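Here the structure comes first, spelled out in structure tokens, and everything after it is commentary.
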Amino acid sequence: MTKNRPKIKKSRLFLYLLCVPIAFWLVAPTLVVIPLSFTPQRSFAFPPPGFSLEWYENFFTSPQWLGGLLNSLQIALLVASISSILGTLAAYGLSKTSGFRKTLSNGLLVSPILIPAVIFGVGVYAVFLRTGLVGTMAGFVLAHTMLALPFVVVNVGAVLVAYDTQLERAAWVSGAGRIRAFMTVTLPVIWPGVASGFLFAFITSFDEVIVSAFISSPALQTLPVRMFTSVQREVDPTIAAAATLIIILTTAIALTAIFTRKKRKV
Amino acid sequence: MAAETVAAKPARRSLGPYGILVVPVVVIVLVAFVVPTVLVLIRSVTEPELGLQNFQWLLTSETAVDVIIRTFQLAGLATLLTAVIAYPYAYVMATAGPKMQAAMTLIVLLPFWSSMMVRTFAWIIILQNNGVLNTMLSSLGLPTIQLLGTQTAVLIGMVQVLMPFMVLPMVSVMRSIDMRIPLAAQTFGARPIKAFFTVYLPMSLPGVLSGALIVFILSLGFYVVPALLGSPRQQILPNALFNQIRDLNNWGSGGALAVALLFTVGMAFVLVYLVTKALGLKLGPVGGSQV
């Protein structure tokens, strides 16, 4: 590789120097929320003029903030579980299908990530207004599942492409029923795809703002929606504490994902 | 025994894995996703009464036309900026060693993985009038700038998330370029810069193009970033749509805006399909309803 590079070293160095600020702009900005969460005043002034845990205390004692976090976690877990099951079944069924039916169903199942979420938000809001699902747990889970399902179908589908169906046939021949063969032979093999689909689904739901803003009510809102309204209406550094907690949570999830993947390779 | 299994098979196949596994999920998506979405579009011609008055409003009202033009402008600018910033980054990534490449992939994917709300809030802290950026500027003795509430702020926030969708297709094309070809141009006397612009750049264009189309489509759907970093007087389609429905309860004109948005995205997809077919490219899965 190195031998074939036509660029002289000086221009290479220039390119590297160009990439440093780009990398910085991609990674660093988000981190400003962490020091800000310890500010002692009710302002977003940066750098914070002192240290206090006031906003964390506020977060954990406010029913709106803590309630939002608990709602978000509960919804995201339910959404990730439901869409993992539905998405895995659909992806498995699709792997045994071919032709027009496959193209059409696949396109339909993936369409929620291709269509701007705001359009689905309006639609689901209209339907939920009539069916009384606005501001309900069931409504959130249903709407988020639609947005999360494509990620499971894509992730599991990708693993199934490489899956050797002879293994499953062997199980059938040996007398295992179709369901048992799937559970004991296929599922353990495609598990990495299911697991990453679950993670994608969890994050999709946990981070969702647009559709959630439509279907939330004062009685039930998710953490991102609480943050969105907070930013629009008030100067409340509790949002910085919330943001820091989210960073910790998502980093922990990402590290778990990387760690389990490494373990699998060994 | 054998005859029995053979006889049992066709009966099972009439339902088959497709019927048992795929159809129920497809039905759920049809009912919970497709039907609500289509209902929005239908409302554009039925509310407040049957007719095309909402589309007349869409195409003649100054605000609506402004919103549509602004949406295209913003998406175009975001695509252009992303391409310009992503290109050198992708080039270094494509020509770097495997370790460097892995690190650069991780960095470019970080904004995509980090929370939309956290990321956007962080930009507010940085770009606000007494924010990080202006504090730094004034400590250097430079004049401060008003960024929050401008299109520049919206672009800064948007391009950051759009980077992976541009960088990854670029890298996959750049990696397939045989570096001996621009080198050959140099041995024939072309200066490195000329070899780059006449040989390497044209060869890498398919990657730029496919990245640009994905980025353009995604740019059309941004809601949170323009709502929080931009100005309410400079709404784009998704924000205007949210406003019409949730704040003004105008289902008819909201529906017309949804049709306009979906139509634009649909046309962009047709373009993607045609271009990828013509260039013989294969696109990876596009993910990112969260923008």
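The values are calculated or read from the model by the stated rules, or taken from the named source; none is laboratory data. The model shown is predicted, which means the values in this text are computed figures rather than measured ones. Cβ coordinates were reconstructed from backbone atoms using ideal geometry, including for glycine residues, and neighbour counts include every protein chain displayed.
Residue by residue through region B:242-254, note down the ones that are in contact with a Lys or Arg (Cβ under 8 Å, 6 or more places away or on another chain) and within 22 Å of residue B:224 (Cβ to Cβ).
Taking region B:242-254 first, the residues in contact with a Lys or Arg (Cβ under 8 Å, 6 or more places away or on another chain) are B:251-252, B:254.
The one that is in contact with a Lys or Arg (Cβ under 8 Å, 6 or more places away or on another chain) and within 22 Å of residue B:224 (Cβ to Cβ): B:254.
Hey, among the residues in region B:94-114 that are more than 18 Å from the chain's Cα centre (by Cα), surrounded by 15 or more Cβ atoms within 10 Å (Cβ to Cβ) and at the interface with another protein chain (Cβ under 8 Å from one of its Cβ atoms), which one's nearest to residue A:206 (Cα to Cα)?
If we take residues in region B:94-114 being more than 18 Å from the chain's Cα centre (by Cα), surrounded by 15 or more Cβ atoms within 10 Å (Cβ to Cβ) and at the interface with another protein chain (Cβ under 8 Å from one of its Cβ atoms), then B:107 is nearest to residue A:206 (Cα to Cα).
Filtering region A:97-113 down to residues that are facing another protein chain (nearest Cβ under 8 Å), under 30 Å from residue B:257 (Cα atoms) and without any contact (Cβ under 8 Å) to a residue 24 or more places away in the chain, which residue is surrounded by the most Cβ atoms within 10 Å (Cβ to Cβ)?
Only one residue tops the list, namely A:105.
Taking region B:186-210, which residues are in a helix (DSSP H, G or I), among the small types (Gly, Ala, Ser) and within 11 Å of another protein chain (Cβ to nearest Cβ)? Spell out the reasoning first.
Just the residues of region B:186-210 that are in a helix (DSSP H, G or I), to begin with: B:186-187, B:192-210.
Imposing the further condition that a residue be among the small types (Gly, Ala, Ser) reduces the set to B:195, B:204, B:207, B:210.
The answer is B:195, and nothing else.
Across region B:243-258, what is the total count of residues that are at the interface with chain A (Cβ under 10 Å from one of its Cβ atoms) and surrounded by fewer than 18 Cβ atoms within 10 Å (Cβ to Cβ)? Lay out the reasoning, then the answer.
The initial filter retains those residues of region B:243-258 that are at the interface with chain A (Cβ under 10 Å from one of its Cβ atoms), namely B:244-246, B:251, B:254-255, B:257-258.
When the remaining residues are screened for being surrounded by fewer than 18 Cβ atoms within 10 Å (Cβ to Cβ), the result is B:246.
Count: 1.
Which residues, taken from region A:116-148, are under 17 Å from the mean Cα position of the chain (by Cα) and within 7 Å of chain B (Cβ to nearest Cβ)? Walk me through it before giving the result.
Pass one, region A:116-148, residues under 17 Å from the mean Cα position of the chain (by Cα): A:116-117, A:140-148.
A:116, A:117, A:142, A:146, A:147 - these are the residues of region A:116-148 that are under 17 Å from the mean Cα position of the chain (by Cα) and within 7 Å of chain B (Cβ to nearest Cβ).
Given the conditions (1) surrounded by fewer than 23 Cβ atoms within 10 Å (Cβ to Cβ); (2) in contact with a helix residue (DSSP H, G or I) (Cβ under 6 Å, 6 or more places away or on another chain); (3) under 29 Å from residue B:266 (Cα atoms), which single one is not true for residue A:155?
Every listed condition holds for residue A:155 apart from (1).
Quick test for you: out of B:213, B:261, B:183, pick the one residue that is farther than 30 Å from residue B:131 by Cβ, more than 8 Å from every other protein chain (Cβ to nearest Cβ) and not β-branched (Val, Ile, Thr).
Details: B:261 fails: more than 8 Å from every other protein chain (Cβ to nearest Cβ); B:183 fails: more than 8 Å from every other protein chain (Cβ to nearest Cβ).
That would be B:213, the only listed residue that is farther than 30 Å from residue B:131 by Cβ, more than 8 Å from every other protein chain (Cβ to nearest Cβ) and not β-branched (Val, Ile, Thr).
Can you pull out the residues in region B:92-138 that are among the hydroxyl-bearing types (Ser, Thr, Tyr) and closer than 19 Å to residue A:33 by Cβ?
At the first step, the residues of region B:92-138 found to be among the hydroxyl-bearing types (Ser, Thr, Tyr) are B:95, B:105, B:114-115, B:120, B:135, B:138.
Of everything in region B:92-138, those that are among the hydroxyl-bearing types (Ser, Thr, Tyr) and closer than 19 Å to residue A:33 by Cβ turn out to be B:114, B:115, B:120, B:135.
Filter region B:150-177 for residues that are modelled with pLDDT of 90 or more and not in a helix (DSSP H, G or I) and give the result.
If the condition is that a residue be modelled with pLDDT of 90 or more and not in a helix (DSSP H, G or I), then B:150 is the only one that fits.
Determine, yes or no, whether residue A:195 is surrounded by 21 or more Cβ atoms within 10 Å (Cβ to Cβ) and at pLDDT 90 or above.
Working: surrounded by 21 or more Cβ atoms within 10 Å (Cβ to Cβ): no; at pLDDT 90 or above: yes.
Considered against the rule, which asks whether it is surrounded by 21 or more Cβ atoms within 10 Å (Cβ to Cβ) and at pLDDT 90 or above, residue A:195 comes out as no.
Of the residues A:169, A:178, which is in contact with a Pro (Cβ under 9 Å, 6 or more places away or on another chain) and more than 25 Å from residue A:74 (Cβ to Cβ)? Step through it out loud before you land on a result.
Working: A:169 fails: in contact with a Pro (Cβ under 9 Å, 6 or more places away or on another chain).
The conditions single out A:178.
For region A:203-217, name all the residues that are closer than 15 Å to residue A:129 by Cα and either within 7 Å of chain B (Cβ to nearest Cβ) or assigned to a loop (DSSP other than H, G, I, E, B) (or both). Full working, then the answer.
Applying the first criterion (closer than 15 Å to residue A:129 by Cα) to region A:203-217 yields A:211-217.
Within region A:203-217, A:214, A:216 qualify.
So is residue B:159 without any contact (Cβ under 8 Å) to a residue 60 or more places away in the chain and under 17 Å from residue B:226 (Cα atoms) or not?
Numbers: without any contact (Cβ under 8 Å) to a residue 60 or more places away in the chain: no; under 17 Å from residue B:226 (Cα atoms): yes.
Answer is no for this residue.
Select from region A:68-96 the residues that are free of Cβ contacts under 8 Å to residues at least 12 places away in the same chain and out of contact with any Pro (no Cβ under 7 Å at 6 or more places or on another chain) and write down the one among them that is farthest from residue A:39 (Cα to Cα). Quick ask: steps written out before the conclusion?
The initial filter retains those residues of region A:68-96 that are free of Cβ contacts under 8 Å to residues at least 12 places away in the same chain, namely A:70, A:85, A:89, A:93, A:96.
Within this subset, residues satisfying the condition of being out of contact with any Pro (no Cβ under 7 Å at 6 or more places or on another chain) are A:70, A:85, A:89.
Values: A:70: 24, A:85: 43, A:89: 49 Å.
Per the criteria, the residue is A:89.
Looking at region A:83-101, is at least one residue β-branched (Val, Ile, Thr), closer than 30 Å to residue B:273 by Cα and outside any loop (DSSP other than H, G, I, E, B)? Give the derivation first.
Within region A:83-101, the subset β-branched (Val, Ile, Thr) is A:85, A:88, A:97.
Subset that is closer than 30 Å to residue B:273 by Cα: A:88, A:97.
Then keep just the ones that are outside any loop (DSSP other than H, G, I, E, B); that gives A:88.
Checking region A:83-101: at least one residue is β-branched (Val, Ile, Thr), closer than 30 Å to residue B:273 by Cα and outside any loop (DSSP other than H, G, I, E, B).
Please work out if residue B:240 is within 12 Å of another protein chain (Cβ to nearest Cβ), part of a helix (DSSP H, G or I) and either touching a Leu at 6+ places or on another chain (Cβ under 9 Å) or buried (at least 24 other Cβ atoms within 10 Å of the Cβ) (or both). Outline the logic, then answer.
Values: within 12 Å of another protein chain (Cβ to nearest Cβ): yes; part of a helix (DSSP H, G or I): yes; either touching a Leu at 6+ places or on another chain (Cβ under 9 Å) or buried (at least 24 other Cβ atoms within 10 Å of the Cβ) (or both): yes.
When the stated conditions are applied, residue B:240 passes them.
Being among the β-branched types (Val, Ile, Thr) and within 27 Å of residue A:143 (Cα to Cα): is that true of residue A:85 here? Full working, then the answer.
On the way: among the β-branched types (Val, Ile, Thr): yes; within 27 Å of residue A:143 (Cα to Cα): yes.
Spelling it out, residue A:85 is indeed among the β-branched types (Val, Ile, Thr) and within 27 Å of residue A:143 (Cα to Cα).
Given region B:22-78, what helices (runs of 4 or more DSSP H) lie entirely inside it while holding 1 or more residues that are away from chain A (no Cβ under 14 Å)? Break it down into steps so the answer makes sense when it comes.
Working: elements: B:23-29, B:35-46, B:53-60.
Because the criterion is at least 1 residues that are away from chain A (no Cβ under 14 Å), the helices (runs of 4 or more DSSP H) in region B:22-78 that meet it are B:35-46, B:53-60.
List every residue pair whose Cβ atoms sit under 6 Å apart, with the two residues 6 or more apart in sequence or on different chains, where the first one lies in region B:178-204 and is modelled with pLDDT of 85 or more and the second, anywhere, is not in a helix (DSSP H, G or I).
From region B:178-204, the pairs are B:203/B:177.
Considering only region B:115-134, state which residues are part of a helix (DSSP H, G or I), more than 17 Å from residue A:27 (Cβ to Cβ) and facing another protein chain (nearest Cβ under 7 Å).
Listed by number, the residues that qualify are B:117, B:124.
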